[in-house]
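Okay, so here's the structure we're looking at.
The values are calculated or read from the model by the stated rules, or taken from the named source; none is laboratory data. Just so it is clear, the structure is predicted and the values come from calculations on it, not from any experiment. FYI the Cβ positions are ideal-geometry reconstructions off the backbone, even for glycines, and counts take in every protein chain you see.
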Amino acid sequence: MRRKLAAGNWKMNGLAANLTELDAMKAAAAADKVDVLICPPATLISRAADAAAGSSIAIGAQDCHANASGAHTGDLSAAMLADAGASHVITGHSERRVDHSDSDADVAAKSQAAFDAGLIAVICLGESLAQREAGDTLDVIGTQLAGSTPDSATAANTVIAYEPVWAIGTGKVPTLEQIAEVHDFIRAKLVARFGAEGDGMRILYGGSVKPGNADEIFAVSNVDGALVGGASLKASDFNAIITALGNA
């Protein structure tokens with residue numbers, strides 16, 4: 001059985017004062033029904049790791065550089081993130097792909113760097129609204145999955161997150177049938193490429209997941225959890241999602 005994962009991406013939100021939300025999340029995480037991950041801004045990783053110490057909340061980063069070190073002003077290597085207390089790193093989020101032109105090859109290189117540093121990579125995939133409306137969703141997802149996932153990926157070091165770009169932060173959510181179609185497709189591709197390891201990789205859904213729709217989304221085939229944006233900033237919202245996942 002794949003253990004469920006509730007992951008929160010704080011994006012460019014949060015100051016030191018917001019770490020009190022982690023304290024309020026500890027009780028829900030302590031139920032030990034699901035894994036819980038929070039990815040705060042890089043400025044908070046070390047303090048978040050300290051705040052989460054002794055709890056079942058893991059701390060992750062939102063991106064890393066593909067190189068281990070070098071003249072890359074403003075960038076952070078996977079080893080630096082691990083040194084700061086991170087256990088996971090998000091790679092290939094649509095906002096990185098769009099705002100920073102991360103290609104599938106870039107995402108694969110960053111994910112490999114994460115593996116080399118002992119981090120778990122949360123590899124993101126997703127289609128735009130134009131691609132969805134053109135009927136190209138599965139082609140886009142298949143291409144991204146193949147190009148963004150290193151050959152060294154295993155169930156222990158890789159999580160896949162499907163985030164339809166048009167649903168992120170918009171309040172729009174695909175139908176349950178659309179979510180199932182993509183998650184089942186991803187699972188089939190992972191098993192075909194990685195065998196049993198592919199069957200063990202967790203696939204998260206992301207895209208306007210909220211307490212009000214979490215129950216029905218978590219009942220969908222091959223949805224092993226969620227990558228949550230805005231609703232992970234407040235414990236009152238994220239705890240409800242954690243609970244819904246634990247009950248799924």
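Just one of the numbered conditions (1) touching a Ser or Thr at 6+ places or on another chain (Cβ under 8 Å); (2) closer than 19 Å to V89 by Cα; (3) part of a loop (DSSP other than H, G, I, E, B) is not true of A155: (1). Out of segment 116-131, which residues are surrounded by fewer than 19 Cβ atoms within 10 Å (Cβ to Cβ) and not in a loop (DSSP other than H, G, I, E, B)? Within segment 116-131, D116, L129, A130, Q131 meet the criteria. Restricting attention to segment 83-108, the residues that are farther than 17 Å from G229 by Cβ, surrounded by fewer than 19 Cβ atoms within 10 Å (Cβ to Cβ) and hydrophobic (A, V, I, L, M, F, W, C) add up to 2. So in segment 114-138, with the set limited to residues that are in contact with a strand residue (DSSP E or B) (Cβ under 7 Å, 6 or more places away or on another chain) and among the small types (G, A, S), which one is farthest from N67 (Cα to Cα)? Checking each candidate, the answer is G126. Taken together, D102, D116, D63 contain a single residue that is among the charged types (D, E, K, R) and under 14 Å from the mean Cα position of the chain (by Cα), which is D63.
In this structure, is K172 of a type in the set (K, R), surrounded by 15 or more Cβ atoms within 10 Å (Cβ to Cβ) and either at pLDDT 95 or above or over 23 Å from R3 (Cα atoms) (or both)?
Spelling it out, it is not the case that K172 is of a type in the set (K, R), surrounded by 15 or more Cβ atoms within 10 Å (Cβ to Cβ) and either at pLDDT 95 or above or over 23 Å from R3 (Cα atoms) (or both).
Checked against the criterion of being within 14 Å of the chain's Cα centre (by Cα), more than 30 Å from T20 (Cβ to Cβ) and not polar (S, T, N, Q), segment 202-217 contains one or more residues that satisfy it. If the condition is being aromatic (F, W, Y) and either outside any helix (DSSP H, G or I) or modelled with pLDDT under 95 (or both), then segment 205-248 contributes only Y205.
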